[in-house]
Structures are given as C-alpha cells and as structure tokens.
Amino acid sequence: MKEHNWIKIALTPFSWVYGLITSLRNLGYDFQLFASKKPSQFVISIGNLTVGGTGKTPVTEYLTSLFSGKTPTAILSRGYGRKTNGFVLATATSTPAEIGDEPMQYFLKFNPDVLVAVCENRFHGAEHIALAAPEKQLLLLDDAFQHRAIARDINLLLNDFQRPFYQDLPFPAGRLRETRTGAGRADAIIVTKAPARLSETDKKRVIQEIQKYSKREAPVFFSFIEYGAAESYAEGPVSLKKVKMAAGIANPLPFAAHLRARFDVTEEVVFRDHHNYTPADVEELIKNLKNDTFVVTTEKDMVKLKPLVEALGAAGKFAYIPVKVSFGNDTERFHEWIFKQTGHLFQAER
C-alpha cells in the first residue's frame, strides 16, 4: 500500500499537467475558440470522467429500450478496439472486429428497430446517419462526454459509486480523463453500481460531494446493476453450479463477486478490457474443464467469444450472465425528468 501511495505521489505533478491541458481544451470550447457543431438529430450523450467501467453500456441499453418504441432511435459509438476506421454502419454481417464489442452487443440486442453505427468523429458519424436514415430523430452517443466537437441536447454523466470521480485524480496518478470540474457540463448525473438498498443519509452524502463540482440544478439519480439468469452460448437458460469465470472488462470485480455469491467458482481468468479473443484463448479456457463446470462470461465477452466457441463445438460448455441497470426508487423521477427534456419528440407514456 505504501509503495502504491508513493507511486501516486510521484505521478501527481504529471496529473496536474494533464489536468491543465484538458482544462485549457475545455475553455477553448467554452469560449467558442473551438467549433462545436449540432447535428440534425436530438442528441443524448452518455459518458463519464473516469476511464472505463462506469456502466455506460447498460445505461445506453436502458435508454434505448426506453425510447426506441416511442421514437426512431440510433446509437453512435466510437467502436473502441475495432480494426476499421471512419464511419461503419452495423449490419447482419458485421463483426466485433469491424465495429467493436459494445456496438455489436447493441446491434444484436436491438436490430432492426435501432440503427447502430461507429465513427471516431461523432459529428461526421451523425451526418452519415442523417443521410442513411433521416427518420432517426434521436441519437444516443455512447461514451462522448469529452467529445465536445459535437453539440448535444442532454449531457448525462455517469459516476461509479465504488470509484467516484470526486475522490480521483486525472491521469496518470488517477483514472480521470479530465479534472473534476468537468462535471459542471452535465445536465444530470447518474450514480451507477450503487447498492440496491442505499440509505437516504448515504445518498445525501454522495449528492453533496457531486454538487461540489456539478451544476446545482443538475439532478442526481441513483442506479444499480441487476444480474439476469445465466444463458447458454448454445441459447436458452442453463443451470449452473460449478463455474470458471472469464472476463475481459474494465472492472471485473463486481462480476466476480456476483459469481462467488451464487456459484462454486473454480477459477477466475481475467483479460484486459476489450480483449480480442483467439481460438487459443478458447482452447485454454476449456482445457481440463470438468463435465460439471461451465465457463461463464459477461455478455460483452460473449459477443466476441461465441463465434470462436461455436467453431470449436464448445458452445454447450459456455454461458454468460446478462446485466441491466435499474433506477429502483428513482425510476419515476428519472423518467419524469428525461421525458420532460425530450417531450417534443413523442408523447411520453406516463
């Protein structure tokens, strides 16, 4: 622990420099020295101040489910980890290598009702979507809080309850992409991965810490992760007892804790976030795997692993745990707020 603290102290001056650079960049946008263009769609950005693992994917899926039945919706992502460049529209032949694992997950879950695309330049991506599908009135930007070249109508900031931005530092001493003051751009803050039963006292404490940096009028909502029943890679529910965990996500600790609490976990294999799986990885995962044991992954990992697993005829030995976000007691308040901001797009069902 002491060694870790010394490393953090040694890196802190570099964090000051990095924070200064990002602050100057933000000032450039604030004073319109840098252009921020508004596309034709109504834009909701979902992002964070922290590098990875704040729950953007389930929140994006939550909003997609909430809106897609009411107004034509599109999702635009950078497509992190893909091997392509520029604008790519997700189709039935797309692969995670072409569009990224999270966009692939969105496409598999919401196609054909929702258009999914990737582009490093979000404004250019929005223009391409407007040309390809002008009926898409709502555009959800996945992980675009720092992508200020595209103007947005609603800026949602996610704050991981376990790793709050207000206790962190900019890179490299910490995990922040910019200084804490960036929270001032948020129209609302969603606290993610909170305990399902969180006392009002603890909520008030978190809100007070957030409001040291956010706009006073920006509401704070609390959400938590709900894990679904295990699904087999061969499709359909599956009963699990002994499991071997495999995960390539930014923060695998909550997933590991969920598995330990419910199953006999024989081994935990952790890959880096957005890991590009290979047939050799699959062979290693099933090596010496006992008949009563399943390899269990996240849904994000399943998107990339499933084709490899099926090619080796091992789909029956793999399962994944789907997740979704729940706003619990804040559900009605969050819906009321978000529908008030988007009411001109559709008649909200209350």
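Helix 331-342 axis versus longest C-alpha principal axis of the chain: approximately 50°, rounded to the nearest ten.
Using the Cβ-Cβ distance between W16 and S239 with R0 set to 41 Å, the FRET efficiency works out to roughly 0.15.
Would you mind getting me the FRET efficiency between A261 and E336? Use the beta-carbon distance for r and R0 = 45 Å, nearest 0.05.
So, using R0 = 45 Å, E works out to roughly 0.85.
Once the Cα atoms are used to define both axes, helix 200-210 deviates from the longest principal axis of the chain by about 60 degrees.
Cα-Cα over 18 Å: which of K56/K193; K38/K109; K83/K304; K241/K290; K56/K300; K300/K324? The partial results should precede the final answer.
Values: K56/K193 11 Å; K38/K109 28 Å; K83/K304 14 Å; K241/K290 12 Å; K56/K300 12 Å; K300/K324 12 Å.
With Cα atoms farther than 18 Å apart: K38/K109.
With a Förster radius of 25 Å, plug the Cβ-Cβ distance of A196 and V51 into 1/(1 + (r/R0)^6) and report the FRET value to the nearest 0.05. The partial results should precede the final answer.
On the way: r = 26 Å, r/R0 = 1.03.
FRET efficiency, A196 to V51: 0.45.
A simple spin-label model places the labels of E226 and F271 2.9 nm from each other, with each point 7 Å out along Cα-to-Cβ. Structure remark: mean-square fluctuation, Gaussian network model of the chain, C-alpha springs under 10 Å; the largest value among F171, F14, F31 belongs to F31. For the chain, the share of DSSP beta bridges that are antiparallel, to the nearest 5, is 20%. Over the chain, calculate the relative contact order: mean separation of alpha carbon pairs under 8 Å at least 6 apart, over the residue count, as a percent. RCO, the chain: 19 percent. With loop membership from DSSP and a limit of 16 other Cβ atoms within 10 Å, the longest segment of the chain without GluC sites (Glu not before Pro) is 1-119. Other residues whose C-beta falls under 13 angstrom from the C-beta of V88 contribute a net charge of +1, scoring Lys and Arg +1 and Asp and Glu -1.
Name the shape class, rounded, prolate or oblate, that the alpha-carbon gyration tensor gives for region 219-335, where a ≥ b ≥ c are the square roots of its eigenvalues, rounded holds for a/c under 1.5, and otherwise prolate holds if a/b is larger than b/c and oblate otherwise.
Prolate.
Summary value for region 65-161: 35 percent relative contact order, contacts being C-alpha pairs under 8 angstrom separated by 6+ residues. A cut-off under 9 angstrom between Cβ atoms defines the neighbours of T60, and their net charge, with Lys, Arg +1 and Asp, Glu -1, is -3. Can you send over the carbon and sulfur percentage of the accessible area for the chain, probe radius 1.4 Å, protein chains only? Carbon plus sulfur share of accessible area: 54 percent.
Surface exposure of region 103-192, expressed per residue as accessible area with a 1.4 Å probe, stands at 34 Å². Within the same chain, aspartates and glutamates fewer than 8 places from K317 are excluded, and of the rest, those with a Cα less than 18 Å from its Cα are E231, E235, D264, E267, E268, D281, E283, E284, D292, E299, D301. For the residues H274, H147, H344, H124, a 1.4 Å probe over the protein chains yields an accessible-area ranking, largest first, of H344, H124, H147, H274.
Rounded, prolate or oblate: which fits region 228-279 when a ≥ b ≥ c are the square roots of the eigenvalues of the alpha-carbon gyration tensor, with rounded for a/c under 1.5 and prolate only if a/b beats b/c? The shape class here is oblate.
Taking the inverse of the average 1/r across all pairs of different Cα atoms in region 136-269, what Kirkwood radius in Å do you get?
Working: mean 1/r = 0.0569 Å⁻¹.
After inverting the mean inverse Cα-Cα distance, the result is 17.6 Å.
The values are calculated or read from the model by the stated rules, or taken from the named source; none is laboratory data. Only a predicted model underlies this, so the values are computations on that prediction, with no experimental measurement involved. Quick reminder, even Gly has a Cβ in these numbers, built from the backbone with ideal geometry, and neighbours come from all protein chains shown. Calculation scope for accessible area: heavy atoms of the full protein, side chains included, ligands and nucleic acids excluded. Shrake-Rupley method; radii C 1.70, N 1.55, O 1.52, S 1.80 Å.
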